[in-house]
Amino acid sequence: MQTFLMVASQDPASKSEAEDHAREQAPLEACGLLYESATGQHYQRCRNVCDEPDRHFVLDPVDYYRTSLKGKIIAVIHSHPNGEEPSEADRRACSQTKLPWHIYQLPQDQWLTINP
């Protein structure tokens with residue numbers, strides 16, 4: 001895992017949108033997708049349908065599908081409102097999706113990434 005400020009080519013508006021989403025959802029985990037379309041990279045807010053949204057996230061599959069119709073999904077994004085490091089479940093799920101996972105730690109105002 002490495003610390004980073006999103007993807008080098010990340011649109012600053014997408015990064016800001018993901019951070020705003022995380023702050024609005026706190027103390028629950030926010031989740032979303034980074035996708036690429038003909039107009040650039042975009043952050044899509046998604047619903048966290050987990051039974052314990054203050055501890056984990058489950059991205060709504062309908063939101064995932066709808067986002068896939070807008071463009072190519074290039075990363076999963078979620079927040080850790082209490083600043084936790086990525087969990088083993090995060091690492092396993094990242095490997096299964098074969099996409100980078102970007103985690104925004106709110107108290108630290110820091111981005112982390114897990115690569116598949």
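Bear in mind that the values in this text are calculations on the coordinates, not laboratory data. All values reported here derive from a predicted model rather than from experimental measurement. All Cβ positions, glycine included, derive from the backbone under ideal geometry; neighbour counts span all protein chains shown.
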**OP:** Starting from the amide H of Leu99, placed 1.01 Å from N in the peptide plane, find each other amide H under 5 Å away whose residue is 5 or more places distant or on another chain.
**Re:** none
Subject >> Surrounding net charge for Thr67, when Lys and Arg each add one and Asp and Glu each subtract one, Cβ distance under 12 Å >> reply: +2
Original post:
So, by mean Cβ neighbours within 10 angstrom, what's the order for 72-81, 56-65 with the highest one leading?
Top reply: 72-81, 56-65
**OP:** Average the reciprocal distances over every distinct pair of alpha-carbons in the chain, invert the result, and give the Kirkwood radius in Å.
**Re:** 13.9
**OP:** Highest first, please rank the peptides 26-36, 88-98 by the mean number of other Cβ atoms sitting within 10 Å of their residues.
**Re:** 26-36, 88-98
**OP:** Divide the volume of the convex hull of the Cα atoms of the stretch 29-69 by its number of residues and quote the answer in cubic angstrom per residue.
**Re:** 49
Original post:
About the Cα centre of the chain, what is the dipole size in debye to 20, counting +1 per Lys and Arg Cβ and -1 per Asp and Glu Cβ, all else neutral?
Top reply: 480
Original post:
In angstroms, what radius of gyration and Dmax does the stretch 62-116 have, counting Cα atoms only?
Top reply: 12.0, 34
